[in-house]
């Protein structure tokens, strides 16, 4: 991935657009939607129609009526409110599509490159790697992206995944190990981990309690599209409303995102508490 097409060079911007192309069902579509992020060479758009990787789409800015041909870099196969998030790169511009993005809207200090587990859909090898093509909020279950596979010696579809877990060692006479979770507990853990990427990064949590503002910087354990799980020595209450900056970098000027506490637990092997937050959707 060239630096010019990296997700770190894109800014969050909602622009009304018109998209035309072929869907994964091999049907022509013509729909109006909006962007989520834009950059000089790439963008994140939202589509009602699911599209294949490497598909070419024509995207036009409905504000300045400038268009261009884009290639699909990645797609989230899971829809949210009937829409799929799609990452595209510009291959044939017809003018300056995103005037705001190219006029210096990029904030100083690019965020860290997200990292996660990917699985090649051809040879099924799993690798932990940097994923500069995708913003961290999209690095989750359902993500498919096109990149070269050294084993397959070709461009292949890679899916966001989780690392394989080692088989538990059986106890005496083939009995399950004493620390094995009961089936119902395993089911709960599977549901909690579904759609999460095991990412470690700094998060700043802002709380308003007792008539004052409290702030703390913690480290995440995993992140999903609409949530984050982090460790803290503080006590949180389920339902408590907070604000978060993610990823957090000292001296950066970032706008906090509203969130609320959905769970607090005590992970094994640490004295810290684990807190799960549900992030509020961005304002339309």
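The values are calculated or read from the model by the stated rules, or taken from the named source; none is laboratory data. Given the structure is predicted, the values throughout are model-derived calculations rather than measurements. Cβ coordinates were reconstructed from backbone atoms using ideal geometry, including for glycine residues, and neighbour counts include every protein chain displayed.
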Name the single residue, out of those in the stretch 42-59 being under 12 Å from residue 21 (Cα atoms) and assigned to a strand (DSSP E or B), that is farthest from the chain's Cα centre (by Cα).
58
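A quick yes/no check of all residues on (1) at pLDDT below 80; (2) within 20 Å of the chain's Cα centre (by Cα); (3) in a helix (DSSP H, G or I); (4) outside the structural domain of residue 36 (by TED's automatic domain parsing):
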residue	(1), (2), (3), (4)
98	no, no, no, no
134	no, yes, no, yes
155	no, no, no, yes
159	no, yes, no, yes
168	yes, no, no, yes
Please go through the stretch 15-32 and pick out each residue that is within 15 Å of residue 98 (Cα to Cα) and modelled with pLDDT under 90.
none
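Going through 199, 277 one at a time, which residue ends up being under 26 Å from residue 12 (Cα atoms), touching a helix residue (DSSP H, G or I) at 6+ places or on another chain (Cβ under 9 Å) and modelled with pLDDT of 75 or more? Outline the logic, then answer.
Working: 277 fails: touching a helix residue (DSSP H, G or I) at 6+ places or on another chain (Cβ under 9 Å).
One residue alone meets the criteria, 199.
When you look at residue 85, is it in contact with a strand residue (DSSP E or B) (Cβ under 9 Å, 6 or more places away or on another chain), in a strand (DSSP E or B) and buried (at least 22 other Cβ atoms within 10 Å of the Cβ), yes or no?
Numbers: in contact with a strand residue (DSSP E or B) (Cβ under 9 Å, 6 or more places away or on another chain): yes; in a strand (DSSP E or B): yes; buried (at least 22 other Cβ atoms within 10 Å of the Cβ): yes.
Criteria met by residue 85.
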Of all residues in the stretch 200-218, how many are surrounded by fewer than 13 Cβ atoms within 10 Å (Cβ to Cβ) and under 16 Å from residue 113 (Cα atoms)?
1
Could you check the stretch 252-271 and list, in sequence order, the residues that are assigned to a loop (DSSP other than H, G, I, E, B) and at pLDDT 85 or above?
256
Kindly evaluate residue 282 against the criterion of being crowded, with 17+ Cβ neighbours inside 10 Å and either out of contact with any helix residue (DSSP H, G or I) (no Cβ under 9 Å at 6 or more places or on another chain) or modelled with pLDDT of 80 or more (or both).
no
Of the residues that sit in the stretch 241-251 and are touching a strand residue (DSSP E or B) at 6+ places or on another chain (Cβ under 8 Å) and in a loop (DSSP other than H, G, I, E, B), which one is surrounded by the fewest Cβ atoms within 10 Å (Cβ to Cβ)?
249
